[in-house]
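The values are calculated or read from the model by the stated rules, or taken from the named source; none is laboratory data. The structure presented is a predicted model; accordingly, all values stated were derived computationally and were not measured. All Cβ positions, glycine included, derive from the backbone under ideal geometry; neighbour counts span all protein chains shown. Quick note on the areas: whole protein, heavy atoms, side chains included, nothing else; ligands and nucleic acids left out. Shrake-Rupley method; radii C 1.70, N 1.55, O 1.52, S 1.80 Å.
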Amino acid sequence: GEVIYKLSLVKNDVEIDSIEKTIEFYTAYSDEDFENYFLDCETIQNCVERYYEDNPYEYDKDDLGLVDYIKENCKTITAISDIIKYDGNTLVVYFANNLDYYINIVDLSDKDIMPRGSGANNTNNILTKFEVAITGSSSIMYWAPFDSEWAETDETEGIKEIVNESSKFTDFDIYLDSKASVDSLKKMSQAGLVILSTHGVNGEWIVTGEEVTVAKMKEYVKEISTKQITSHTIYDPVSKKSNRYFSISEKWIENNVNKLPDNIIINNSCYSMCGNLADAFLNKGAKAYFGNNGEVTNEYATSVCLELVTKLVIMGDVTGYAYSTSLDAYYNEGASFEGIGQGNISVANGGSGIGFEDGISVWNVKGDCRVLNKLGYVQPVEGNYMAMISTGVGNTMSGGSISKKINIP
């Protein structure tokens with residue numbers, strides 16, 4: 001990992017110069033740790049060799065027999081935490097002390113065709129980047145502009161059941177039909193988990209439930225002229241029914257959404273992973289973003305979303321474990337639900353973190369406490385806001401205190 005520290009030169013209580021320095025640090029291993037690791041790896045390798053004495057080698061054989069054989073014959077190695085077999089013939093043995101051991105099994109008799117490695121054949125873009133382990137808010141926001149039109153085929157009832165079953169999340173905001181307006185999307189900056197169930201266009205536009213009128217177009221003239229908002233018609237050629245709604249682009253997100261609280265965004269619309277929307281959300285502070293890399297059916301979109309939310313909300317999984325790859329082959333060459341961002345993010349379920357970006361209302365407050373963006377030359381060490389606790393300056397004569405209970409996932 002790394003530690004960032006700041007050195008400041010202060011004169012008369014005023015900072016006149018400063019530098020920041022990053023120090024990288026690594027897990028400390030003793031000589032004995034490495035010696036034991038070397039012996040364990042040799043034991044595992046010998047086990048692999050014995051396995052292939054009795055079992056003919058086949059490249060990319062879909063057989064976990066070798067994994068089971070190692071687990072059975074290496075029980076003396078208590079430090080093994082997991083063994084993964086990738087496509088091709090590569091094993092990865094993970095040890096509890098954060099070391100790992102790769103075994104690439106390859107036939108060298110024909111070097112023209114022999115592989116240079118192998119891996120997991122999937123489209124999982126979630127990164128194992130360990131910076132933030134919990135969202136900055138425990139609120140869940142569900143936004144579905146076509147709930148009435150799609151009836152039971154969308155995620156609404158399933159999301160409600162999941163949240164009710166978990167009983168850990170009391171802040172659950174639902175925006176359906178016309179309430180899923182342009183302005184309501186600004187509420188994303190208060191939620192740890194955001195689920196958008198809607199139409200999308202080329203990964204560049206999100207369709208809202210706010211119907212287009214002349215009066216509204218005048219109100220949004222600046223946003224429309226700068227390609228932040230556009231109108232979008234939904235037309236059914238069978239019933240001949242059509243409605244026009246406003247859509248918002250990544251430019252609107254950039255200019256109208258406050259900093260996101262290290263949250264998780266699920267943009268469950270077609271092609272939502274293909275344009276600039278993912279970057280727009282991540283640049284605003286989202287730590288994980290999920291979407292579809294093509295045209296998907298409603299049934300598929302609902303199914304994969306509910307599976308992901310179940311794992312995040314009920315099981316408390318982090319994004320990397322909660323997400324699994326799948327394919328909807330109904331349209332064209334098929335499309336899949338994908339994730340991008342960090343794989344270690346868990347939805348906070350005991351308050352909105354320990355910062356002050358959401359103000360003082362989410363804390364238990366006694367006496368004189370308030371949230372400030374600065375105090376003289378003193379600036380927040382994280383985010384844009386900090387708390388001031390006093391023995392009674394202005395608000396009350398009683399000493400101040402703040403507290404909060406949080407759950408560590």
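Consider ASP173 carefully, then state whether it is more than 18 Å from ASN268 (Cβ to Cβ) and out of contact with any Pro (no Cβ under 9 Å at 6 or more places or on another chain). Here the answer is no, as ASP173 does not meet what is asked. Across the range 301-323, the number of residues qualifying as surrounded by fewer than 21 Cβ atoms within 10 Å (Cβ to Cβ) and either under 21 Å from GLU152 (Cα atoms) or of a type in the set (Phe, Trp, Tyr) (or both) comes to 5. Being modelled with pLDDT under 85 and under 23 Å from ASN263 (Cβ atoms) is the requirement here; does GLU382 meet it? Yes, satisfied. Just one of the listed residues (GLY203, GLY291) is of a type outside the set (Phe, Trp, Tyr) and assigned to a loop (DSSP other than H, G, I, E, B), and it is GLY203.
When VAL362 is tested against (1) surrounded by 16 or more Cβ atoms within 10 Å (Cβ to Cβ); (2) modelled with pLDDT of 85 or more, only condition (2) is not met.
Looking only at the range 157-172, how many residues end up being in a helix (DSSP H, G or I) and of a type outside the set (Gly, Ala, Ser)?
Summing the residues that are in a helix (DSSP H, G or I) and of a type outside the set (Gly, Ala, Ser) in the range 157-172 gives 8.
Report whether or not LYS71 is at pLDDT 80 or above, open to solvent by 100 Å² or more (accessible area, probe 1.4 Å) and not small (Gly, Ala, Ser).
yes
Pairs are defined by a Cβ separation below 9 Å, a sequence spacing of at least 6 or placement on different chains, a first member in the range 236-254 that is more than 19 Å from LEU196 (Cβ to Cβ), and a second member that is modelled with pLDDT of 80 or more and in a strand (DSSP E or B); the pairs so defined are LYS241/ILE234; SER242/ILE234; ARG244/GLU211; ARG244/SER231; ARG244/HIS232; ARG244/ILE234. Scanning for something modelled with pLDDT under 90 and within 12 Å of the chain's Cα centre (by Cα), does the range 271-282 turn up at least one residue? No, the range 271-282 contains no residue that is modelled with pLDDT under 90 and within 12 Å of the chain's Cα centre (by Cα). Taking (1) in contact with a strand residue (DSSP E or B) (Cβ under 9 Å, 6 or more places away or on another chain); (2) open to solvent by 70 Å² or more (accessible area, probe 1.4 Å); (3) modelled with pLDDT of 90 or more; (4) farther than 24 Å from ILE340 by Cβ in turn, LYS187 satisfies each apart from (4). Looking only at the range 216-231, residues that are among the hydrophobic types (A, V, I, L, M, F, W, C), within 24 Å of GLY203 (Cβ to Cβ) and part of a helix (DSSP H, G or I) come to 1 in all. Hey, could you check the range 169-184 for residues that are crowded, with 16+ Cβ neighbours inside 10 Å and of a type in the set (Val, Ile, Thr) and say which is nearest to SER247 (Cα to Cα)? Ranking the candidates gives VAL182 first.
Taken over the range 235-252, the criterion of being more than 25 Å from GLU338 (Cβ to Cβ) and open to solvent by less than 30 Å² (accessible area, probe 1.4 Å) is satisfied by TYR245, PHE246.
Note on the range 131-165: residues that are of a type in the set (Val, Ile, Thr), closer than 30 Å to ASP236 by Cα and surrounded by 22 or more Cβ atoms within 10 Å (Cβ to Cβ) amount to 1.
Whenever a residue of the range 283-305 is without any contact (Cβ under 8 Å) to a residue 12 or more places away in the chain, it has no partner that is surrounded by 23 or more Cβ atoms within 10 Å (Cβ to Cβ) lying with C-beta atoms less than 8 angstrom away and at least six residues away or across chains. Scan the range 309-343 residue by residue and report those that are more than 20 Å from SER272 (Cβ to Cβ) and either in contact with a Leu (Cβ under 6 Å, 6 or more places away or on another chain) or aliphatic (A, V, I, L, M) (or both). Scanning the range 309-343 gives VAL313, ILE314, MET315, VAL318.
Table: residues versus (1) at pLDDT 70 or above; (2) within 27 Å of ALA288 (Cα to Cα).
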site	(1), (2)
LEU108	no, no
MET114	no, no
GLY117	no, no
THR128	no, yes
ILE140	yes, yes
TRP143	yes, yes
ILE159	yes, yes
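Each residue in the range 170-203 was checked for being under 21 Å from VAL304 (Cβ atoms), touching a helix residue (DSSP H, G or I) at 6+ places or on another chain (Cβ under 9 Å), of a type outside the set (Val, Ile, Thr) and touching a residue at least 60 places away in the same chain (Cβ under 8 Å), and 6 pass.
From the list ASN255, ASN202, ASN276, exactly one residue is open to solvent by 50 Å² or more (accessible area, probe 1.4 Å) and touching a Phe, Trp or Tyr at 6+ places or on another chain (Cβ under 6 Å). Which is it? None of the other options fit; the residue is ASN202. When GLU338 is tested against (1) open to solvent by 30 Å² or more (accessible area, probe 1.4 Å); (2) among the acidic types (Asp, Glu); (3) in contact (Cβ under 8 Å) with a residue 60 or more places away in the chain, just one condition goes unmet, and that condition is (1).
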